[in-house]
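Chemist: Let me begin by handing over the structure; questions about it come next.
The values are calculated or read from the model by the stated rules, or taken from the named source; none is laboratory data. This one's a predicted model, so the numbers in the text were calculated from it and none came from an experiment. Cβ placement follows ideal geometry from the backbone for every residue including glycine, while neighbour counts extend to all protein chains displayed. The protein model used for the area step is the full one, side chains on, heavy atoms only, and it has no ligands, DNA or RNA in it. Shrake-Rupley method; radii C 1.70, N 1.55, O 1.52, S 1.80 Å.
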Amino acid sequence: MQPATATPKTTSDAGTTPPLNPDETVLARMAIDLDGQGRFAKHQLALTQKALWTFEGADWRRIDLSPGMRLRHTDLAGVASLDLLGANGLQARWRFTLEHNPTALRLQRAFDQAVTHLHSAPTLSDDSARCPTCHTPLPPDSDECEVCQREVAQPPSTWVLLRLWRFAHPYRWTLLAGFLLTLASTAATLVPPYLTIPLMDEVLIPFQNGQRIDPVYVSWLLGGLLGAGLLAWGLGWARTWLLALVSERIAADLRTTAFEHLLSLSLDYFGAKRTGDLIARIGSETDRISVFLSLHALDFATDVLMLSMTAAILFSINPWLALVTLLPLPFIAWMIHLVRDRLRTGFEKVDRVWGDVTNVLADTIPGIRVVKAFAQERHEAKRFHEANAQNLAVNDRINKTWSLFSPTVTLLTDMGLLVVWAFGIWQISKGDITVGVLTAFIAYIGRFYGRLDSMSRIVSVTQKAAAGAKRIFDILDHVSNVPEPAEPVKGVTIKGGLTIENIGFRYGNRAVIRGLSLDIRPGEMIGLVGHSGSGKSTLVNLICRFYDVTDGRVMLDGTDIRRFAVADYRRHIGLVLQEPFLFFGTVAENIAYGKPDATREEIVAAARAAHAHDFILRLPQGYDSLVGERGQGLSGGERQRISIARALLIDPRILILDEATSAVDTETEKEIQRALDNLVQGRTTIAIAHRLSTLRKADRLVVMDRGEVVEVGPHDDLIARRGHYWRLYEAQARQAAAEDAERDASLLAHRVPVQSAHSASNQP
């Protein structure tokens, strides 16, 4: 590790921003409110891609990151610490109050990611295959990361349910009220068995022996039973209703947070996940957690209170009889421990195979037109049958374990009840207890063993909820590979100039971009051309910051794009994808997707500019017509023109056209090109097109080959050079000529037989 160096700062900027190098941006930052002796002080920590900066007093101190470094977080009950550990042990320590704990945890995650990236950042000479998610070297001849697979297969721990407190904390007072209601309702249910003691010993048995009873006293006892029952009912209703409301809100917050975090993740995360699996996590898993919180967790709390209070009452009545009552407990606890691990692993498998079932549905239903076009209904039904059969097999294994566990617990409680009867009769025969005491004991034991059996059943639902919570927190714990800067640049006037400095990028183990540099002036139209796989779309993805470059940097008007907030940066970019995607809704809603508050006049103007206005008016409800699921109610060319109008409505400074005219016919392409001639004025435009004729009006053409820029210049200059572009252009010209000749020959072949038949009919 390089030694820490101090960089003096002037008084005006001390403590605000560290003196960063040009290739550094602040990834995370936190305030430190304690010094080394635990006294209150004002310090700061700032993390960049290559260093950890600390401000203590008047100077910023830089600590360069190196492979193997760790940032250890320790919670010391009210005070926490961050320890920087290197090859030589402890390098630095910062202490702070728990007020800053969430910020510290975020900085720790960003630190781990930065060190991992520093350790595994591929260079141009590094041809080893690495996992695109964790950057771990892949085994030879394998595309499967052992580390990631190990994380997936790790069974969930029940302790993961404690992390739900993060979402329960805003409702803590309501939860406290629910707990007090639970305590009161449980106490109310324990009153009737206690009243059976005087009812048996002082009323029923004396009355059976011919003694006279006091009607007022009997009325008080019966009234106590009725009042306790009504009170228990009212308190039980109130606590069930209150806690059900809280659990639904916790689940809703969990669902919303998971979805919002999912939207913030980079594209590489979605590339490694199935749509059905993500839908199952955010949908069914949160519903399962909601049911657990509203029903089973409440029942568990009631069971614990009931067992504790019942045990206390039993010991107060007769300690020896109470000890006999508790005999089955050790055996039941041992069985719970034995079964829990099997259920925990089993429910994790259930969740994963259920995700496979959902994946088949998510694949088949949106693609039903393709399924029917290729007559693959039987194949898709077979896929669903196999996934469903696997789901059935996993559930059968769990049910086999559970079917043995639950009746065994019931058997143990029944045997315990038999022992209590026998022991109680023996004590009555000795005169140690009365019949009323034994009756009360039996009543309490019925509640005790009933709750004990219910608690044993909670093992199943708890493991289900833990498995669901783990899958939700797997999403929430994932850190985007396109991080937000801690101090984003704001208030910058965007002109649209892009500078790409010696960038490199890899998809997994394949280098796609190598040492690419390019300068795009504001308002310039650039055409990207090259063979498939040359890196054109990847370069566009890096400019849009769907991915971050591995080496080098991309700058907008002289500012590294990683210093902008991601959403603020992308608002300046209008993107038209090669495959247009429309959401279910009206035509107007799809055009206004990037600007929801757009007026109808602005929507119509954008549609006119994209030459979409005429066909929109021919739709049944015009701009209010529904486009169907993914725009299935429109043709490919119509969908493409709506997506162009959607990009134009936000009036971006940078317009990116990724094969924007690939889905339109020649005549429509000409209309769009005429519209684009006016729209590109004063706007930086980057266009990708396989048909080179569509890029002849570009200011410059950038020819790419194997992730590198091989030629740059206007169309005529590149043709004159007779290099890569000239060969591409000539190849397309020959292909077009061959297609024209083939079409003419086909037309001629269809005309000749008709002429021959006509001539034959005129023969005498």
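Chemist: Which of the pairs K382/K470; K536/K697; K349/K400; K50/K495 have their Cα atoms more than 24 Å apart in this structure? Could you put the intermediate results ahead of the total?
Modeler: Numbers: K382/K470 30 Å; K536/K697 19 Å; K349/K400 15 Å; K50/K495 30 Å.
Violating the 24 Å limit, Cα to Cα: K382/K470; K50/K495.
Chemist: Taking K and R as +1 and D and E as -1, what net charge do the other residues with C-beta under 11 Å from the C-beta of G523 add up to? Write down the numbers at each step before the final one.
Modeler: Numbers: positive: K495, R521, R653, R683; negative: E524, D699.
Surrounding charge for G523 is +2.
Chemist: Cα gyration tensor of the stretch 530-605, axes a ≥ b ≥ c as square roots of the eigenvalues: rounded (a/c below 1.5), prolate (a/b > b/c) or oblate? Write out the running numbers ahead of the final one.
Modeler: Working: a/c = 2.94, a/b = 1.60, b/c = 1.84.
Because a/c hits 1.5 or more and a/b fails to exceed b/c, the stretch 530-605 counts as oblate.
Chemist: For labels at L263 and K490 in the simple 7 Å Cα→Cβ model, what's the distance in nm?
Modeler: With each label point 7 Å from Cα toward Cβ, the separation is 2.0 nm.
Chemist: For the stretch 478-550, what is the accessible area per residue in Å² when the probe is 1.4 Å?
Modeler: Details: 2860 Å² over 73 residues.
Each residue of the stretch 478-550 exposes 39 Å² on average to a 1.4 Å probe.
Chemist: I've got another one for you. What does the charge add up to near Q578, with Lys and Arg as +1, Asp and Glu as -1, over the other residues with Cβ less than 10 Å from its Cβ? Could the numbers behind the result be given before it?
Modeler: Working: positive: none; negative: E579, D658, E659.
Combined, the nearby Lys, Arg, Asp and Glu give -3.
Chemist: Here is a follow-up. Using a 1.4 Å probe, what is the accessible area per residue for the stretch 188-267, in Å²? It would help to have the intermediate numbers written out before the result.
Modeler: Working: 4810 Å² over 80 residues.
Result: 60 Å² per residue.
Chemist: So, one more: With a/c under 1.5 counting as rounded, go ahead and sort the stretch 502-636 into rounded, prolate or oblate using the C-alpha gyration tensor (a ≥ b ≥ c being the square roots of the eigenvalues; past the cut-off, prolate if a/b is larger than b/c, else oblate).
Modeler: Numbers: a/c = 2.47, a/b = 1.98, b/c = 1.25.
It is prolate, given that a/c is not under 1.5 and a/b is the larger ratio.
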